[in-house]
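Contents: one structure, followed by commentary.
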Amino acid sequence: MDYFNYKNNQLFCEEVALSDLAEKYGTPAYVYSKKTLVRHLSAYSNSFEKLNNMICFSVKSLGNIAILNLLNSQGAGFDIVSGGELFRALKAGADPKKIIFSGVGKSSVEVAAGIKAGILSFNIESISEYERIKKIANEMQVSAPISIRFNPDIHAGGHDYISTGRKEDKFGIDSEEQVLELAQKINEDEYLIFKGLACHIGSQILSLDGFEKAAIKTLKLCDNLNNNGINVTLVDLGGGLGVPYKEEEPPSPKELIQTIEKVFIGRNEQIILEPGRSISANSGVLVTKIEYLKNKFIIADAAMNDLLRPALYQAHHSVMPVIKNKEASDMEYDLVGPICETGDYLAKNIKINAEEGDLLAVKTAGAYGFVMSSNYNARPRAPEILVDGSNHYLIRRRETLEDLIDLEEIPIA
Ligand SMILES: Cc1ncc(COP(=O)(O)O)c(C=O)c1O
């Protein structure tokens, strides 16, 4: 469900015509709907009936501080994976006690920043990481809260690159004995506080099966820890719920939460979820202009540097004309960008009646869209605009050519 709809053949985001935004800010441009973001967050937060819970929005999916500030105002906590995301969340006004720090490779600087900020928990993924946090917490003489991310060996998720819960993936600790041993060590340390368990099995997951299995395995592990005198207060079941890019029919947040509640019924652990895509994907579109038509190619002004997903993992995005004044064409086009790579495309085999100068909206681009953008081919990044009813706000301006070289220096010989 989103708030991008046609009115008199013009595509609107809420009450604002995308063509008006394109005229004002140029293209390519990311446009987000506030109503969609708020609705999707509340689909999670209103669905828990029985369990103590917290929804930590996954910053990696959409990290603009205006968006984080909005979600923070609606009660969200945050799942972060870097010092940069910690900085963003704090700048957006997040309560550190609602921040979970995930990720396999936290640097010493990032660990120290997390401890200093007073975050809710580090989700650690290796013995080495435990040793690093222990050392830093001891040096700082400040307590560090820790949960252990375990690898449940569950196959779920869309593309191979976004499956994270299989034994062969780099994520989590896959031996139950090791988890137990590590939890004991954390529990006994003067400056470490054992919080609980974390488990994230992948992204763009379209069935409840994997989630249910992961919840059952986590519960078993909780019991094992409790039986060994280790108190589990927090259970983080990650994110991963899929969205309809094409005609997929993913379960709703409510169905996911009902599944989890069934498994954890009667328990006291705080359940944390870390949804990203299912909150942000449908909240955003990438608006682009057709520069040229050439054979089967629509060459647009947006490219893989703006939206990497198709080039990175053959992801599908639907494309809609911003002004629908013609019948759909029988001709099939590939929507490509100006970048010098054959893999630079945004959509393939789309049937659309296209003319040079027309505007197109690449849909479901809110998650893993702008955050993955780059300056490849020395292309300034697109602006981001947040629509709220009939108002809109420029929440990140378009980069300038000067921005491209701002950090560079020519050495003086
Ligand atoms: C640890 C963790 N939590 C949450 C997420 C968010 O996943 P999604 O955007 O699929 O909800 C990810 C994404 O890969 C992740 O690695």
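The values are calculated or read from the model by the stated rules, or taken from the named source; none is laboratory data. All values derive from a computational prediction rather than experimental measurement. Heads up, the Cβs are rebuilt from the backbone with ideal geometry, glycines too, and the neighbour counts pull from every protein chain shown. Just the protein is used for accessible areas: all its heavy atoms, side chains included, with ligands, DNA and RNA removed. Shrake-Rupley method; radii C 1.70, N 1.55, O 1.52, S 1.80 Å.
Quick rundown of the values:
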{"read-out": "Any hit, region 368-387, residues being away from the ligand (no atom under 16 Å from the Cβ), acidic (Asp, Glu) and over 14 Å from residue 288 (Cα atoms)", "value": "no"}
{"read-out": "Number of the exception - residue 235 against (1) touching a residue at least 60 places away in the same chain (Cβ under 8 Å); (2) buried (at least 20 other Cβ atoms within 10 Å of the Cβ)", "value": "(1)"}
{"read-out": "Odd one out for residue 175, checked against (1) more than 16 Å from the ligand (Cβ to nearest atom); (2) surrounded by 21 or more Cβ atoms within 10 Å (Cβ to Cβ)", "value": "(2)"}
{"read-out": "Output for region 239-255, where each listed residue is free of Cβ contacts under 8 Å to residues at least 60 places away in the same chain and either on the phi > 0 side of the Ramachandran plot or within 11 Å of the ligand (Cβ to nearest atom) (or both)", "value": "241, 250"}
{"read-out": "Some residue of region 224-232 being surrounded by 22 or more Cβ atoms within 10 Å (Cβ to Cβ), at pLDDT 95 or above, assigned by TED's automatic domain parsing to the domain that holds residue 256 and part of a loop (DSSP other than H, G, I, E, B)", "value": "yes"}
{"read-out": "Inter-residue pairs, beta-carbon under 9 Å, first farther than 26 Å from residue 232 by Cβ and of a type in the set (A, V, I, L, M, F, W, C) and in region 272-291, second assigned to a strand (DSSP E or B) and within 12 Å of the ligand (Cβ to nearest atom), 6+ apart", "value": "279/55; 279/57; 279/58"}
{"read-out": "Residue that is modelled with the lowest pLDDT, among those in region 338-362 that are within 24 Å of the chain's Cα centre (by Cα) and over 11 Å from residue 319 (Cα atoms)", "value": "343"}
{"read-out": "Filtered residues of region 273-306 (kept if surrounded by 24 or more Cβ atoms within 10 Å (Cβ to Cβ) and either away from the ligand (no atom under 16 Å from the Cβ) or under 15 Å from residue 340 (Cα atoms) (or both))", "value": "285, 286, 287, 288, 298, 300, 302, 303, 304, 305, 306"}
{"read-out": "Tabulated pairs, region 104-122, first in the same structural domain as residue 191 (by TED's automatic domain parsing), second of a type in the set (Asp, Glu), C-beta under 7 angstrom, 6+ apart or interchain", "value": "104/125; 106/129"}
{"read-out": "Pick from region 1-28, criterion of a type outside the set (D, E, K, R) and touching an Asp or Glu at 6+ places or on another chain (Cβ under 8 Å), ranking: least open to solvent (accessible area, probe 1.4 Å)", "value": "28"}
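One line per residue, one yes/no per condition, for (1) on the phi < 0 side of the Ramachandran plot; (2) exposed (fewer than 14 other Cβ atoms within 10 Å of the Cβ); (3) outside the structural domain of residue 290 (by TED's automatic domain parsing):
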residue	(1), (2), (3)
355	yes, yes, no
358	yes, no, no
370	yes, no, no
373	yes, no, no
378	no, yes, no
